[in-house]
Amino acid sequence: FVQALFPNDPASRMNYIKVYFPTKYDYIMSSMKFLIPSFIFTLILLMVFVYTIVVAFRQKRLTEMKNDFINNMTHEFKTPISSISLAAQMLNDDSVRKSPGMMQHIATVINDETKRLRFQVEKVLQLSMFERQKATLRLQEIDANSAISNIISTFKLKVESYGGKIEADLRAENALVEVDEMHFTNVIFNLLDNAVKYRREDEPLRLTVSTADVGGDKLEIRISDNGIGIKREDLKKIFEKFYRVSTGNRHDVKGFGLGLAYVHKMVRELNGTIRAESDFGHGTTFIINLPLTTIN
């Protein structure tokens, strides 16, 4: 009909259509309204699919972490048990029993490995602590300088067995803090033990533990090493439960992935703060700040 009216004038035909098609918008919308439910349904399906994929990967990661935890726990228990068993077998040797020096050495080994085994059991028991909102602590006032000095004396043999050296720089004039002594000792031991685990193979281990007064009301404890360091992307995750920093081709680093998570939790329970600074390939420093009980 329109073509018959304007056989030789296409422009006039288009203008005529525009003028006599006033419901064009409603027509288009009515044609599209059937697509809107389909689009919404497709979007919902896509979101459900993405969520399912995320959950599946998260479950896979948790399963891998659980398996690593079990494997590492088994290794950590086997090592001290083997040492104690070997020491016990040596005691059956008559020549060993006749040597006071050797007897003293075996007694030291059994004592140290028993402490280590007890410490590993405590680490497993600490799992339940992470589920609680508040840990049960036996708070007492101690001199952090004195406690750290004793810890260093105990840990010195382990560092020297790897050809390393540990030094103390306890400059804090006021080091009285209210802590649970057992957990405070475990915190320092965990950080020192991490330094040994993540030492460099091409350079002797150097460990420094220092204290200083901060702001007049806080004690700062720094534990520094010259180990392999931590990558920047790992620094944000090192205090997460079960998280373990990748060690590349090294397979001798064992642990539960609980050490730093435990350290972080206990420092917070003591109303303190902890952070880590690291230069990858050159070493790491852990910095703890604890409130003082006595202000000069």
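The values are calculated or read from the model by the stated rules, or taken from the named source; none is laboratory data. Not measured: the values here are computed from a predicted model. Glycine also receives a Cβ, built like all others from the backbone with ideal geometry; neighbour counts cover every protein chain displayed. When the accessible area is computed, the model is the full protein with side chains, heavy atoms only, and any ligands, DNA or RNA have been set aside. Shrake-Rupley method; radii C 1.70, N 1.55, O 1.52, S 1.80 Å.
Step by step: first the residues of region 137-166, then only those that are hydrophobic (A, V, I, L, M, F, W, C), within 20 Å of Leu205 (Cβ to Cβ) and in a helix (DSSP H, G or I), then the one that is modelled with the lowest pLDDT. Which residue is that?
Among them, the one singled out is Leu157.
Every residue, every condition in (1) in contact with a Pro (Cβ under 9 Å, 6 or more places away or on another chain); (2) modelled with pLDDT under 75, yes or no:
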residue: Ala4; (1), (2): no, yes
residue: Val19; (1), (2): no, yes
residue: Met47; (1), (2): no, no
residue: Gln89; (1), (2): no, no
residue: Asp112; (1), (2): yes, no
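Within region 194-229, track down each residue that is open to solvent by 40 Å² or more (accessible area, probe 1.4 Å), in contact with a Leu (Cβ under 8 Å, 6 or more places away or on another chain) and assigned to a strand (DSSP E or B).
The answer is Asp213, Lys218.
Restricting the search to region 167-182, which residues are assigned to a strand (DSSP E or B) and open to solvent by 20 Å² or more (accessible area, probe 1.4 Å)?
Those that are assigned to a strand (DSSP E or B) and open to solvent by 20 Å² or more (accessible area, probe 1.4 Å): Glu167, Ala168, Asp169, Leu170, Leu176, Glu178.
Quick check on region 121-134: of everything there that is open to solvent by less than 80 Å² (accessible area, probe 1.4 Å) and modelled with pLDDT under 70, which residue is farthest from Ala88 (Cα to Cα)?
Phe130
Exactly one of (1) among the hydroxyl-bearing types (Ser, Thr, Tyr); (2) at pLDDT below 85; (3) surrounded by fewer than 21 Cβ atoms within 10 Å (Cβ to Cβ) is unmet by Thr273. Its number?
(2)
Does any residue of region 56-63 turn out to be polar (S, T, N, Q) and at pLDDT below 80?
The answer is yes; a qualifying residue exists.
How many residues are at pLDDT below 80 and open to solvent by 70 Å² or more (accessible area, probe 1.4 Å) if we restrict to region 68-81?
The number of residues fulfilling the criteria is 5.
Give me the pairs, please: first residue somewhere in region 185-211 and within 22 Å of Ser146 (Cα to Cα) and in contact (Cβ under 8 Å) with a residue 60 or more places away in the chain, second residue anywhere and of a type in the set (Phe, Trp, Tyr) and surrounded by fewer than 19 Cβ atoms within 10 Å (Cβ to Cβ), beta-carbon distance under 8 Å, and either six or more positions apart or on two chains.
Asn186/Phe119; Phe189/Phe119
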